[in-house]
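**Q** One structure, pasted below without further comment.
The values are calculated or read from the model by the stated rules, or taken from the named source; none is laboratory data. In this text, all values refer to a predicted model and were calculated from it rather than measured experimentally. Cβ placement follows ideal geometry from the backbone for every residue including glycine, while neighbour counts extend to all protein chains displayed. Ligands, DNA and RNA are stripped out before the accessible areas are found, and what is left, the full protein with its side chains, is counted by its heavy atoms. Shrake-Rupley method; radii C 1.70, N 1.55, O 1.52, S 1.80 Å.
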Amino acid sequence: MPVAQAGQSQADVFGQLYLVFLVLGTIVGTVVISYTVYNAYKYRTTVGDADGRYDVDEEELAETDDYDVARPRQGEIPTGQGKGGGKKLFMSFGISAFLVLGLIIYSYTMLLYVEDTGQGQGNAIEVDVEGYQFGWDYTYFEDEVSNDSQVLASSDYNATKLHPEADSDALVVPKGTTVRLDVTSRDVWHNYGIPEFRAKTDAIPGETTHTWFKAEKTGLYQANCYELCGQGHSNMNGDVLVVEKQRFIDWYTSQENTDASQIEFMEVSS
Amino acid sequence: MSEHLPPKSSVKRWLVTTNHKDIGILYIITSLFFLIFGGILAFMIRVQMWNSGTVILSELGYNQVVTAHGLLMVFWFLSPFAFGLANYLVPLQIGADDLAFPRINAMSYWLYLFSGVILGISFFQGSTLPTGWTLYAPLNLPAFIPSVAELGAFSGILALAVFVASVTLGSVNFLTTMYRMRADGLRMRDVPLFSISILLTVWMMLFAFTALLAAILLLSFDHIFAGSAGSGFFGSSEGGSLLWTHLFWFFGHPEVYIVFFPALGAMAEIVQTFSGRRLVGRKWFIIAMALVAIQSFIVWMHHMFLTSINLPIKTVMMVTTIGISLPFDLMIFALIYTMIKGRVRWKTPFLFVLGAILLFILGGITGVFLGAIVLDYSFRGTYWVVAHFHYVMASGAVALIGGIYYWYPKITGKMYNEFLGKVHFAAAFVGFNLLYFPMFVVWETPRRWFHYEAGFTIWHQAASVGAFVFGASFLIMFYNLVASLYSDRVVDESPWAYTGSAEWSVSSPPPEGNFPGKPSFATGKLNFLDGAATDGGEADAKTDGGVATAADAIEQEADHTSWWPVILCTTGLITAVGISGLEESYFIWPFVFAIPFYIAFVGLRGASKDGFGVVHGLYLLLAGPLLAAFLLLFNLHHGIEAGFGQANTYFWVTLVGIISGVGALVGMGFESFFAPEPELAEQWPFEGVDNTKLGMWVFLSSDIVLFGAFIGSYIFMRLRAGWQDWWHIAHENGLAEHAVLPGLINTYILLASSFTVVLALAYAKRGDKLKTLAFLSATFVGGCLFLVNKGIEWVEYYFHFGWVFDSGPASVTYYLTTGLHAVHVVIGMLILLFLIARASRGAYWSEGETAHTVEYFGLYWHFVDIVWLFLFPLFYIL
Amino acid sequence: MANIKLYTIIFVALGAISTTQFVVESVLPEGLYWFGLVAILALSTMKAFAVAGWYMHLREEPRSITYLAMAGVFCVLALTAGAGYSVV
Ligand SMILES: [Cu+2]
Ligand SMILES: [Cu+2]
């Protein structure tokens, strides 16, 4: 099974893992369901209902019973199962436990990769996201700058200039660069998610949560709200604009209130 | 007193009955009504989803519909549907005549029905809750609910509160019954699987729903005191939002199993019967269920993987979550292997259960996807989740529908139409999968959105068609169930072959007293022992920890009717509707005014019941001045004329509701209602504890969770704010001085009152009436002193320091937790008044009951004392 | 009378422990805050056990009643510890 490697994005990790789960899940599901239906069919009685009754006659069937299993009797105390079943039960339980535990441990290594990358320092675009009813505000590198007036916020720029179809307050990010998001909310609970990049995290008033992504293609994408947040929830989306690195650098440095040193790492690497 | 039940054709029968079989039927019918209600809302969702952005509902309307659909299906359909069956079947399966507390059982039903009615009313108060069934904070607060919707939203919250009351009473009742009233020789492990599943369900209910109650009480505070509470409890930026999710999901995850377990029990029974084979690995099946029930309380944060909780706790929750899925594998395999070497008959109940197993396998596998945190990150808030839990929940519903077909002949004495049953199954199964499978395909649709990508349209339309087929299939069922009542397909004890549990050994429907004789398994199989009455009366010497009941109990016949449950619950309905629109400044007054009325009612009713005594005169004399005093206080607050003149209708509704409510409470308290305890019964592990005492302890155990959730919330908020900064922050917010001494004094007072109760008990046991009364009265005085001291403290903090509700997390947790405690003290004092009135007239002495009654009360009072022993350090010292 | 004597002794002890809690808080230096916290809560737990054990006569009831109450306590501890730990 593929393991997470440095440089992979959340979308890559999700894609791999989802595929593994889907294949195994389909196999297991098909096997178990077929097995169930097969047995229910195989062991059906062909004997019809007893005269004037709505079910078979137990006494009659008892005469031809080749199986040594315990059959329920009226007014019984249900102790003892007769032969069979027990060993098989634990075998299949063991197999399913092995399968599930294996899958989860495997997925956990991926989780650690995702969390570590999200927690890392430097070499990333840091954006604070603040949800409100019903939209998103972005602020670039807020934590790195001591003076509030030095930060770039989505209210200060117009992303439409970069892409005619983008909303003016779109999130603008460079291609191929890790983008770390610190997400919170101004009013109620939202959830910020960009499905294309498999980045998603809760936007909770009073709390800050983190996620990250790396876009491999330029273009216009969508961020959605994934938690019911009021009347505008069904329409609560925002644009995410991915541009070439150089274009991002030019755009960023041309804005007022920006500090070019924040993105020095990009120029070094490009 | 013993009055026989009116015939089933009379309406009165269904209002006064306390018989578990009648109440079971009422539950089933009512829950099917709520199924239709919730189903219609589901249709509205599917119509709205026909095309992206189709609008038949406004945005607010859509949010209401998704919320009410979820609440109705989970709370008002699934659980009560299962509990209808449980009410009917559990006593039959364990060999009991009825539940331990029949009147309380009736109350459970009426509270359930009326809580649903309140939710229905909320639609007509402008709007019901528009917050999703999870009611995430702070969207659930008045500040974020459109003003047009506030009244109805609060009604929705109150409906939940009333529902929880119903559930808690039911849990106490079922636990007591199942532990204390099993037929002789029926060990707990031999109890039929459906009843076992109910036992585990009520255990989870007892604790999980109490946690929900705590959350709802705190939320109600935020709604009532929206003005002076500011951001309130859950609006607090110091973790209020996150705290709600903790409390909600601490309830919410066990709730999944609360809903599913009865279905699992029904599945086990039906697979056994229709495979003609005892469940394979029965013991392990039960152990697996018990493990799940316990573990369900330590997985809740898997609903919170994307919140700000830390990675270590996420890991723990991931492990426990995966751990909890494994016992289910075992249970499902046990069901499958039971079919092997079976005599499988594909009757309708079996088909439904087979279908349920298949749906559950799919729901389970897609659930493992969600257990992998990395995948969960992407699935969160999408239709993957919607599809997954519908597969699981509907698997439960489908199994219970199978249960209805299975037990229909038992309950009605008639066989349903097999052909129509199979048609129903085919339509339901196809319809269901057509409805929910496409949701896995288009899982990227954000949950609770009605806008989606154009490419998804065809799949959503398939789902909508499936919804129609699935819904329509139920019309076949309703027709079948009703028409079959009038058929000539009469059945005897057991229409099915290979039935084992006791309900199949009695006629269909079972006789009023359930069994033709005293059921006993002492010989290794079910026998009905001779004996005129079904309750008590056996001279059999072989009692194992049999309970000493009153000597004359043997001749007395059990009661089966009472008007008080329905009357009392109706007053509860009126009060709750009133509260929904009560203005903040009027909030406490109806309850305050009700106190003198209560005292007067106890005096009046006591005088007519027990014969007039000095104590009744005292009560009547006390009630008048007390009411006058309260009116005076009201005058200070509002001015009598202006206050009453400007009070809105809801104020008067509340007042009428609560005053008639205390009247009904007193009426019920004075009613003699005889529910016998079996003299010969299997009572492990509670031999030698009588029913009422066990009931009291069960209730107290849930009350531990209620206070625990309040205290836990306090600790959470304090940790979040910085444990040692707490008082510092409080001082900054206006708490001029926080004194420890008042807390210490109140500790002494409460300890002393505990001491006097225990002395009262000691003297009651000796039959010393005078001293008993003296010490009970001393306890009452202790309660008064405690409240006065507490009141001084509150007035000092609130008015002199200006440290109001809104003064930060320290103030809101302080007022609410000590307030909840004070309410417990007040309730204890009101019970004391009742007790003193009755004991002083000798009501209990002749029956030797005084000591018992004082003991039960003492348990409650000591518990309230113990709570204080922890509030004192947490809110005063540390 | 044996009972009443025992109840009285317990009552006096409970009062004494409460006083001790109060005293511990007022004399303990800041630096020992956490020690004091543990001590004070331990004393409260002792009191609770005394009330439950003797006044609610849990000692004389079948042990299962104690387990019943402990089940509630288990839920509370799980909730408090889990929720508290998740944010520190
Ligand atoms: Cu939203
Ligand atoms: Cu869960």
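**Q** Carbon and sulfur together cover what percent of the accessible area of the protein assembly as shown at a 1.4 Å probe radius?
**A** So the carbon and sulfur contribution to the accessible surface is 65 percent.
**Q** Percent of Cα-Cα pairs more than 39 Å apart in chain B, please.
**A** 42
**Q** For chain B, what relative contact order do you get, as a whole percent, if you take Cα pairs closer than 8 Å and at least 6 residues apart?
**A** It comes to 15 percent, rounded to a whole number.
**Q** Rounded to the nearest Å, what's the spacing between the alpha carbon centres of the range B:714-786 and the range B:791-810? Just the number, please.
**A** The range B:714-786 and the range B:791-810 have Cα centres spaced 19 Å from each other.
**Q** Right, something else. For chain C, give the magnitude of the charge dipole about the Cα centre (Cβ charges: +1 Lys/Arg, -1 Asp/Glu; no others), in debye to the nearest 20. Provide the component values of the computation, followed by the final result.
**A** On the way: 4 positive and 4 negative charges, 49 e Å.
Dipole of chain C, to the nearest 20 debye: 240 debye.
**Q** Here is a further query. Could you run the Karplus curve 6.51 cos²θ - 1.76 cosθ + 1.60 with θ = phi - 60° over the range B:861-878 and give me ³J(HN,Hα) per residue in whole Hz, x for Gly and Pro?
**A** 5, 4, 4, 4, 4, 4, 4, 4, 4, 9, 5, 4, x, 5, 9, 10, 7, 6
**Q** With the radius of gyration and the Kirkwood radius both derived from the Cα set of the range B:348-462, what is their ratio Rg to Rh?
**A** Using Cα coordinates only, the ratio equals 1.09.
**Q** For B:F612 and A:L19, FRET efficiency with R0 = 60 Å and r from the beta-carbon atoms, rounded to 0.05? Write down the numbers at each step before the final one.
**A** Details: r = 83 Å, r/R0 = 1.38.
In this case the efficiency is close to 0.10.
**Q** Work out which residues of the range B:351-386 lose at minimum 50 square angstrom of accessible surface when the other protein chains are put back, relative to the chain isolated, with a 1.4 angstrom probe, and list them by number.
**A** Residues meeting the cut-off: B:L358, B:I365, B:V368, B:F369, B:V374, B:L375, B:Y377, B:S378, B:R380.
**Q** Now a separate question. Whole angstrom only: what separates the Cα centroid of the range B:1-73 from the Cα centroid of the range B:164-194?
**A** A separation of 26 Å, based on Cα centres.
**Q** Residues with beta-carbon under 11 Å from that of B:H824, excluding B:H824: net charge, scoring Lys, Arg +1 and Asp, Glu -1?
**A** -2
**Q** Taking a 32 Å limit on the Cα-Cα distance, which of the listed pairs B:K12/B:K414; A:K88/B:K410; B:K12/B:K609 fall beyond it?
**A** Too far apart for the 32 Å limit: A:K88/B:K410.
**Q** Write down, largest first, the equivalent ellipsoid semi-axes of the range A:122-269 in whole Å, where each equals the square root of 5 times an eigenvalue of the alpha-carbon gyration tensor. Please report the intermediate quantities before stating the final value.
**A** Working: eigenvalues 109, 55, 41 Å².
Working from the Cα gyration tensor, I get semi-axes of 23, 17, 14 Å.
**Q** For a test of understanding, tell me how many lysine pairs in the range A:122-269 have Cα atoms under 12 Å apart, given they are 8 or more places apart or on different chains.
**A** Summing the qualifying lysine pairs gives 4.
**Q** Continuing with this model, one more query. How large are Rg and Dmax for chain A when calculated on the C-alpha trace, in angstrom?
**A** 29.4, 93
**Q** Right, here's the next one. Run the dipole for chain A about the Cα centre, Lys and Arg Cβ at +1, Asp and Glu Cβ at -1, nothing else charged, and hand back the magnitude in debye, nearest 20.
**A** 1020
**Q** Sticking with this structure for a sec: What FRET efficiency comes out for A:L99 versus B:I36 if R0 is 41 angstrom and r is the Cβ-Cβ distance? Round to the nearest 0.05.
**A** Approximately 0.50, to the nearest 0.05.
**Q** For the protein assembly as shown, report the translational diffusion coefficient in µm²/s to the nearest whole number, using Stokes-Einstein at 25 °C, 0.890 mPa s, and a Kirkwood Rh over Cα pairs.
**A** Roughly 75 µm²/s, to the nearest whole number.
**Q** Next question. So the label point goes 7 Å from the Cα of A:E115 along Cα→C-beta, right? Which residues of the range A:9-26 then have their backbone N under 17 Å from it?
**A** A:10, A:14
**Q** Let me ask something else. Report ³J(HN,Hα) in whole Hz for each residue of the range A:18-35, in order, from the Karplus equation J = 6.51 cos²θ - 1.76 cosθ + 1.60 where θ = phi - 60°; Gly and Pro get x.
**A** These are the phi-based 3J(HN,Hα) values: 4, 4, 4, 5, 5, 5, 5, x, 5, 4, 4, x, 4, 4, 5, 5, 4, 4 Hz.
**Q** For A:S185, list long-range residues whose amide hydrogen, built 1.01 Å from N in the peptide plane, is under 5 Å from its own amide hydrogen.
**A** A:G131, A:I204, A:G206, A:E207
**Q** Between Rg and the Kirkwood Rh of the range B:751-878, both from Cα atoms, what is the Rg to Rh ratio?
**A** For the range B:751-878, the value is 1.08.
**Q** What does the buried accessible surface come to for A and B, summed over both chains, with the probe at 1.4 Å? Round to 100 Å².
**A** 9000
**Q** Could you list which residues have their amide H under 5 Å from that of A:L241, counting only those 5 or more apart in sequence or on another chain, with H placed in the peptide plane?
**A** Excluding prolines and chain starts, which carry no amide H, the hits are A:L171, A:V172, A:V173, A:Y221.
**Q** At 1.306 mPa s and 10 °C, plugging the Kirkwood radius over alpha-carbon pairs of the range A:10-118 into Stokes-Einstein gives what diffusion coefficient in µm²/s? Mind dumping the intermediate values first?
**A** Values: Rh = 18.7 Å.
In µm²/s, the coefficient rounds to 85.
**Q** Looking at the P(r) of the range B:235-302, how many percent of alpha-carbon pairs lie beyond 13 Å?
**A** Looking at the range B:235-302, the distances longer than 13 Å represent 71 percent of pairs.
**Q** Mind ranking B:193-204, B:27-38, B:606-617, B:7-18 by how tightly packed they are, going by the mean number of other C-beta atoms within 10 angstrom, highest first?
**A** So the order, starting with the most tightly packed, is B:193-204, B:27-38, B:606-617, B:7-18.
**Q** What residues in the range B:249-278 lose 20 Å² or more of accessible surface when the other protein chains are added to their chain alone (1.4 Å probe)?
**A** Buried-area filter returns B:F250, B:G276, B:R277, B:R278.
**Q** Within 10 Å of each Cβ in peptide B:663-675, how many partner chain Cβ atoms are there on average? Round it to a whole number, please. Display every interim value, and only then the final one.
**A** Details: counts 0, 0, 0, 0, 0, 0, 0, 0, 0, 0, 0, 0, 0.
Rounded to a whole number, the mean comes out at 0.
**Q** Calculate the radius of gyration of the Cα atoms of chain C to one decimal place, then report Dmax, the largest Cα-Cα distance, as a whole number, both in Å.
**A** 16.5, 53
**Q** Something else: List, by residue number, every residue in the range A:209-232 with a reduction of 40 Å² or greater in accessible area between the chain on its own and the complete protein assembly, 1.4 Å probe.
**A** A:Y226, A:E227, A:L228, A:Q231
**Q** Place a +1 charge on the Cβ of each Lys and Arg in the protein assembly as shown and a -1 charge on the Cβ of each Asp and Glu, then give the dipole magnitude about the Cα centre in debye, rounded to the nearest 20. Spell out each step's value before the answer.
**A** On the way: 63 positive and 98 negative charges, 558 e Å.
The dipole magnitude comes to about 2680 debye.
**Q** Right, another one. Computed on alpha carbon atoms, what radius of gyration and Dmax characterise the range A:202-270, expressed in Å?
**A** When restricted to Cα atoms, the range A:202-270 yields Rg and Dmax of 15.8, 46 Å.
**Q** Tell me the per residue accessible area of the protein assembly as shown using a 1.4 Å probe; a whole number in Å² is fine.
**A** With the other protein chains kept in place, the protein assembly as shown gives 35 Å² per residue.
**Q** Follow-up. May I ask for the net charge around B:R841, where only other residues with Cβ less than 12 Å from the Cβ of B:R841 are counted and Lys, Arg are +1 while Asp, Glu are -1?
**A** Net charge in that neighbourhood comes out at +3.
**Q** Something else about it: What is the Å³ per residue value for the convex hull set by the Cα atoms of the range B:336-416?
**A** Here the figure is 100 Å³ per residue.
**Q** Work out, step by step, the length gained on full extension between B:V823 and B:K422: first 0.36 nm times the residue separation, then minus their alpha carbon distance; give nm to one decimal.
**A** 138.9 nm
**Q** Points 7 angstrom from Cα along the Cβ direction at B:Y798 and A:A6: gap in nanometres?
**A** 6.2
**Q** Additional query: Hey, got the average number of other protein chain Cβ atoms within 10 angstrom for residues in A:103-111?
**A** The per-residue average across the peptide is 6.
**Q** What accessible area, summed over both chains, is buried at the C-B interface (1.4 Å probe, Å², nearest 100)?
**A** In total, this chain pair buries about 5000 Å².
**Q** Using the beta-carbon distance between A:E267 and B:S237 and R0 = 41 Å, what value does 1/(1 + (r/R0)^6) give for FRET efficiency, to the nearest 0.05?
**A** So, using R0 = 41 Å, E works out to roughly 0.55.
**Q** With Rg and the Kirkwood Rh both taken from Cα atoms, where does Rg over Rh land for the range B:274-369?
**A** Numbers: Rg = 16.6 Å, Rh = 15.2 Å.
Computed over Cα atoms, the ratio is 1.09.
**Q** Tell me which residues come under 5 Å, amide H to amide H, from A:T177 once H is placed; ignore anything under 5 positions away on its chain.
**A** Residues meeting the amide H criterion: A:A215.
**Q** With unit charges on the beta carbon (Lys/Arg positive, Asp/Glu negative), name the residue among A:G25, A:G131, A:G86 whose Cα is farthest towards the positive pole of the charge dipole of the range A:20-150.
**A** A:G86
**Q** Could you grab the relative contact order for the range A:122-269? Cα pairs under 8 Å, six or more apart, rounded to a whole percent.
**A** 25
**Q** Can you give me the distance in nm between label points at A:R53 and B:Y479, each placed 7 Å from the Cα along the Cα-to-Cβ direction?
**A** The answer from the label model is 3.1 nm.
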